[in-house]
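**Student:** Handing you a structure now.
The values are calculated or read from the model by the stated rules, or taken from the named source; none is laboratory data. Treat the numbers as computed from the prediction; the structure is a model and nothing was measured. Here the Cβ positions follow ideal geometry from the backbone for every residue, glycine too, while neighbour counts run over all protein chains shown.
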Amino acid sequence: MIYFTDVANNRILRFDPQTRKQEVFRADSNRANGLLFDGQGRLIACEGSDAERSAPRVTRTDMKTGKVEVIAAQFEGKAFNAPNDVTIDSKGRLYFTDPAPDATSVTAAKPANATGVAGVYRIDPDGKITRLLAAPDTEWPNGLVISPDDKTLYLIEANKVEGGTRAIRAYDLSAEGTLANRRVHYNFYPGRSADGMAIDVEGNLYAAAGLHRRRGTHETLDTKCGVHVISPQGKLLRMIPIPEDTITNTAFGGADNKTLYVTAGKTLFAVSNAVAGMNR
């Protein structure tokens with residue numbers, strides 16, 4: 001089953017590749033965005049907030065009982081802005097992004113006590129939350145993923161303003177879960193940066209980036225719309241064209257984990273891949 005979010009309509013959808021039937025898994029999803037299944041099969045969701053019912057938060061859903069548990073709602077007494085995307089390492093530690101408020105976002109107004117500061121956070125298995133990056137060291141953090149050997153964290157910066165960083169950055173990830181040695185892994189500027197990304201067992205990134213037509217920002221059409229497959233050395237290996245705006249995210253699935261699923265605009269695409277992906 002493929003789970004994906006429809007942020008604008010505030011719901012999480014579920015698609016069965018065998019029957020090709022789609023259904024609503026959760027209505028009123030609190031503007032859920034990035035999703036991930038952890039090692040115990042629980043659904044982790046970054047929720048941007050519908051403002052009226054719940055604050056921005058990261059939740060964990062037991063798929064057997066349906067129980068929803070809040071695992072992150074604030075840091076140092078401040079609410080998050082709008083948790084965006086999440087990844088996991090082999091120790092079960094979660095890492096998520098929390099961009100600063102964006103006037104073009106479809107999410108509702110943030111709580112008055114929101115940090116207002118872009119950040120990248122880690123949630124340890126015991127529930128401890130640590131902020132790894134904060135503005136100005138990160139501009140508009142979006143998708144993120146960890147390498148198969150747990151030694152590198154890749155972070156998408158998707159700052160749409162003139163001169164803003166639109167690139168994948170790489171960081172050395174220590175055994176303790178801290179970051180060091182920031183560098184540009186792949187640059188999309190001046191085009192539209194990637195949104196979300198997946199990774200395969202060989203460490204290649206599958207980044208959803210680009211536009212077919214401009215959308216009123218400083219992003220140009222230099223980045224072609226599709227999945228950009230980028231090696232661990234930062235080289236573009238190939239580009240999988242996607243015919244629809246706006247491409248947003250990728251994830252692996254299928255019996256052998258060699259089917260790449262892509263969300264874009266109003267469509268879910270499936271692409272066969274030669275290399276198996278990872279659930280990160």
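**Student:** If a residue counts only when it is of a type in the set (A, V, I, L, M), which strands (runs of 3 or more DSSP E) contained entirely in the stretch 27-137 have at least 3 such residues? Working first, answer last.
**Tutor:** Values: elements: 32-37, 43-47, 57-61, 68-72, 86-88, 94-98, 119-123, 129-134.
Per the criteria, 32-37, 43-47, 68-72, 129-134.
**Student:** Residue pairs, Cβ under 6 Å, 6 or more apart or interchain, first in the stretch 200-226 and over 12 Å from Y189 (Cβ atoms) and without any contact (Cβ under 8 Å) to a residue 60 or more places away in the chain, second buried (at least 20 other Cβ atoms within 10 Å of the Cβ) and among the basic types (K, R). List them.
**Tutor:** If the second residue must be buried (at least 20 other Cβ atoms within 10 Å of the Cβ) and among the basic types (K, R), the pairs left are G210/R192; L211/R192.
**Student:** Ok, one more. Given the residues L211, L205, which is the only one that is under 20 Å from A264 (Cα atoms) and touching a Cys at 6+ places or on another chain (Cβ under 8 Å)?
**Tutor:** Details: L205 fails: touching a Cys at 6+ places or on another chain (Cβ under 8 Å).
So the residue among L211, L205 that is under 20 Å from A264 (Cα atoms) and touching a Cys at 6+ places or on another chain (Cβ under 8 Å) is L211.
**Student:** Given the criterion crowded, with 16+ Cβ neighbours inside 10 Å, of a type in the set (V, I, T) and farther than 19 Å from N249 by Cα, identify the matching residue among T59, T65.
**Tutor:** That would be T59, the only listed residue that is crowded, with 16+ Cβ neighbours inside 10 Å, of a type in the set (V, I, T) and farther than 19 Å from N249 by Cα.
**Student:** Within the bounds of the stretch 79-101, is there any residue that is under 29 Å from T246 (Cβ atoms) and surrounded by fewer than 16 Cβ atoms within 10 Å (Cβ to Cβ)?
**Tutor:** Taking every residue of the stretch 79-101 in turn, at least one turns out to be under 29 Å from T246 (Cβ atoms) and surrounded by fewer than 16 Cβ atoms within 10 Å (Cβ to Cβ).
**Student:** Would you please list the contacts, defined by Cβ atoms under 6 Å and residues six or more apart or on different chains, that run from a residue in the stretch 265-280 that is closer than 23 Å to D89 by Cβ to a residue that is at pLDDT 95 or above and among the small types (G, A, S)?
**Tutor:** G277/A198
**Student:** For the stretch 256-268, name all the residues that are in contact with an Asp or Glu (Cβ under 8 Å, 6 or more places away or on another chain) and crowded, with 18+ Cβ neighbours inside 10 Å.
**Tutor:** Once the filter is applied, which keeps residues that are in contact with an Asp or Glu (Cβ under 8 Å, 6 or more places away or on another chain) and crowded, with 18+ Cβ neighbours inside 10 Å, the stretch 256-268 yields only A264.
**Student:** Restricting to the stretch 208-242, count the residues that are hydrophobic (A, V, I, L, M, F, W, C) and surrounded by fewer than 14 Cβ atoms within 10 Å (Cβ to Cβ).
**Tutor:** Here is the first cut: in the stretch 208-242, the residues hydrophobic (A, V, I, L, M, F, W, C) are 208-209, 211, 221, 225, 227, 229-230, 236-237, 239-240, 242.
Imposing the further condition that a residue be surrounded by fewer than 14 Cβ atoms within 10 Å (Cβ to Cβ) reduces the set to 236-237.
Qualifying residue count, the stretch 208-242: 2.
**Student:** In addition: Quick check, is N9 of a type outside the set (F, W, Y), free of Cβ contacts under 8 Å to residues at least 60 places away in the same chain and crowded, with 18+ Cβ neighbours inside 10 Å?
**Tutor:** Working: of a type outside the set (F, W, Y): yes; free of Cβ contacts under 8 Å to residues at least 60 places away in the same chain: yes; crowded, with 18+ Cβ neighbours inside 10 Å: no.
No; evaluated as a whole, the condition is false for this residue.
**Student:** Now a separate question. What number goes with the only condition from (1) buried (at least 18 other Cβ atoms within 10 Å of the Cβ); (2) over 22 Å from R192 (Cβ atoms) that N142 does not pass?
**Tutor:** (2)
**Student:** Here's something else I'd like to know. Would you confirm whether any residue within the stretch 185-199 is exposed (fewer than 14 other Cβ atoms within 10 Å of the Cβ) and on the phi < 0 side of the Ramachandran plot? So that I can check it myself, show each step before the final result.
**Tutor:** In the first step, residues of the stretch 185-199 are kept if they are exposed (fewer than 14 other Cβ atoms within 10 Å of the Cβ); the result is none.
Within the stretch 185-199 (the criterion being exposed (fewer than 14 other Cβ atoms within 10 Å of the Cβ) and on the phi < 0 side of the Ramachandran plot), the answer is no, since none of the residues qualifies.
**Student:** Separate question: Checking E202 against (1) farther than 27 Å from Q22 by Cα; (2) at pLDDT below 95; (3) among the charged types (D, E, K, R), which single condition isn't satisfied?
**Tutor:** So E202 meets the others, but not (2).
**Student:** While we're looking at this one, here's another question. Of all residues in the stretch 102-134 being modelled with pLDDT of 95 or more and more than 18 Å from the chain's Cα centre (by Cα), which is surrounded by the most Cβ atoms within 10 Å (Cβ to Cβ)?
**Tutor:** Among them, the one singled out is I129.
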